[in-house]
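Taking it in order: structure first as structure tokens, then the write-up.
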Amino acid sequence: MTRNQARVLVVVPCYNEEAVIAAVVSDIYQVKAHHQLRLDVLVVNDCSTDRSIDIIRTLPCLYLDLPVNLGIGGAMHAGYKYAWRNGYDIAVQMDGDGQHPANQLMTILTPILDNQADVVIGSRFIEKEGFQSSAMRRVGINYFRRLNQALIGQTIYDSTSGFRAFNRRTLEIVNRYYPDEYPEPEAIVLFGLSKLHIQEVPVIMRERQGGVSSINSSKALYYMLKVSLGILFVYARLVRKNLTH
Amino acid sequence: MASLPITIQIISLIGAFTFMFFIFRLIVKGRLREEYSIVWILCTIILIVFAVWRKGLEQISLLLGVYYPPSLIFIGAIFAIIFFLVHLSVVISKLQNQIKTLAQEVAYLKQQIDQQTVKESAVRAIPSENDEPTVVAEDKVLPQ
């Protein structure tokens, strides 16, 4: 795969991001022009209740308008399925709230373009630069790191990071199954057990530019429980599947 | 002791049959699917059996070593309810997955239709003296 031949789809999940979505998309197009990539942007509007969809319609990008709210997992699944069906070589997730700066896009893409990894995760914690997220959230992230270590034997420092790139091999797996609700940590276990090569690269994230996080403090406990269960069950399911094959 | 149980027997039989009639009506009207009605029909049959067979509950309790027969009703009912609730959770999960897939497919179709109308309006916008076909950017939809 040479750099200018690989078809890249940047999937931007969008839920009530009317304030920043236009800037996010135009940033990506700037990177596209600068590096001369064969890149498309697909905004997935997850049934936003604000004017997001009106703004998305005016943008020079592809978009999916989900008829019901599916949450981040269902929205990303829609994007990845789209990438798989339309023959893209690489899919990148980039949040619609401006947390993932487009100028880091090449950092995420390079290991896949060079065939060094199947999954690339942009991590805040490798070089500890930029926005580091709240203390509570970091406790959770440490917990997921240990859980992933125990289950798949790979250390992923930033397992909740949504800034990711997948190659076509990964897309085939994700096309079939992608976790719901809070998919990021669970997806790592899925990738690890599918024998995909996961690479983490340091990125500098910003604090969200607009919108509200899907996780607030009252939901944190539910989040931990739900994701832990998800991880354990996806592990159980895949280990059983691997044994029967 | 002899006359009192007869009335309650009649009442419970009427109750059970009314319930069964209600279930059948729901199925006939198409508001309840057969697969979910089975459990309710079974429940009514059990009700009818015990309404007719007066000593039944006591005899079964005795057989199982349950000293207080009504507690057998409770344990049976609670088990049945829990089982059915789990079954409903399974059904809901299945529905949720199906809805998710459907929503995604609807989104793809909407996107295809939008893309087509954009292309068509782009073709129409070009006056007929222009012989060259409209060139749509490689893999990008033209903004309207």
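Just so it is clear, none of the values below were taken in a lab; they were calculated from the coordinates. Bear in mind the structure is a predicted one, so any value in this text is a computation, not a measurement. All Cβ positions, glycine included, derive from the backbone under ideal geometry; neighbour counts span all protein chains shown.
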Taking the Cα-to-Cβ direction at B:Leu72 and at A:Leu232 and moving 7 Å from each Cα, how far apart do the two end points lie in nm?
-> 3.8 nm
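Evaluate peptide A:59-70: per residue, the Cβ atoms of other protein chains within 10 Å of its Cβ; return the mean as an integer. Intermediate results must be reported in sequence, preceding the final value.
Numbers: counts 2, 6, 3, 6, 5, 8, 5, 6, 8, 6, 1, 6.
That works out to 5 on average.
For the protein assembly as shown, just say rounded, prolate or oblate: build the C-alpha gyration tensor, square-root its eigenvalues into a ≥ b ≥ c, call rounded for a/c under 1.5, and beyond that prolate if a/b exceeds b/c, oblate if not.
Working: a/c = 3.00, a/b = 1.89, b/c = 1.59.
Cα axes put the protein assembly as shown in the prolate bin.
Which residues make up the longest stretch of chain A that has no GluC sites (Glu not before Pro) in a DSSP loop with at most 13 other Cβ atoms within 10 Å?
Between the exposed loop sites, the longest stretch runs A:1-126.
Please label the shape of the stretch B:34-123 as rounded, prolate or oblate, based on the square roots a ≥ b ≥ c of the eigenvalues of the alpha-carbon gyration tensor (a/c under 1.5 means rounded; beyond that, a/b larger than b/c means prolate, else oblate). Kindly include the intermediate steps, with their values, before the conclusion.
On the way: a/c = 9.78, a/b = 4.40, b/c = 2.22.
Here the stretch B:34-123 falls in the prolate category.
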Counting other C-beta atoms within 10 Å, which of A:Tyr157, A:Tyr80 has the fewest, and how do the rest follow?
-> A:Tyr157, A:Tyr80
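Going by how many other beta carbons lie within 10 Å of each one, how would you line up A:Arg206, A:Arg164, fewest first? Intermediate values should be presented prior to the final figure.
On the way: A:Arg206 13, A:Arg164 24.
Result, fewest neighbours first: A:Arg206, A:Arg164.
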For chain A the mean separation of alpha carbon contacts under 8 Å (6+ apart) over residue count, i.e. relative contact order in percent, is 23 percent
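Run the helix sum for the protein assembly as shown: -39,500 (n - 2.57) per DSSP H stretch of 4+ residues, divided by residue count, reported at 222 nm to the nearest 500 deg cm²/dmol. Each step should come with its number before you reach the end.
Values: 12 runs with 221 residues, N = 389.
Mean residue ellipticity, 222 nm, calculated: -19500 deg cm²/dmol.
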Exposure proxy ranking, count of Cβ atoms within 10 Å, fewest first, for A:Met106, A:Met224 = A:Met106, A:Met224
Would you mind giving the mean number of other chain beta-carbons within 10 Å of the Cβ of each residue in A:172-179, as a whole number?
-> 0
Using alpha-carbon positions, the gyration tensor of the stretch A:4-86 gives root eigenvalues a ≥ b ≥ c; with a/c under 1.5 called rounded, otherwise prolate if a/b exceeds b/c, else oblate, the class is oblate
Looking at the protein assembly as shown, send over the antiparallel percent of its DSSP beta bridges, to the nearest 5.
-> 25 percent
Could you pull out every whole DSSP H run in chain A that spans at least 30 Å of Cα extent along its own axis and averages -1.0 or higher on the Kyte-Doolittle scale?
-> A:217-244
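Order the peptides A:83-92, A:227-236, B:65-74 from the highest to the lowest mean number of other Cβ atoms within 10 Å of their residues. Don't skip to the end; give the middle numbers.
Details: A:83-92: 20.5, A:227-236: 17.0, B:65-74: 11.3.
Packing proxy ranking, top to bottom: A:83-92, A:227-236, B:65-74.
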Label model pair A:Ala23, B:Gln116: point-to-point distance (7 angstrom along the Cα→beta-carbon line) in nm is 3.8 nm
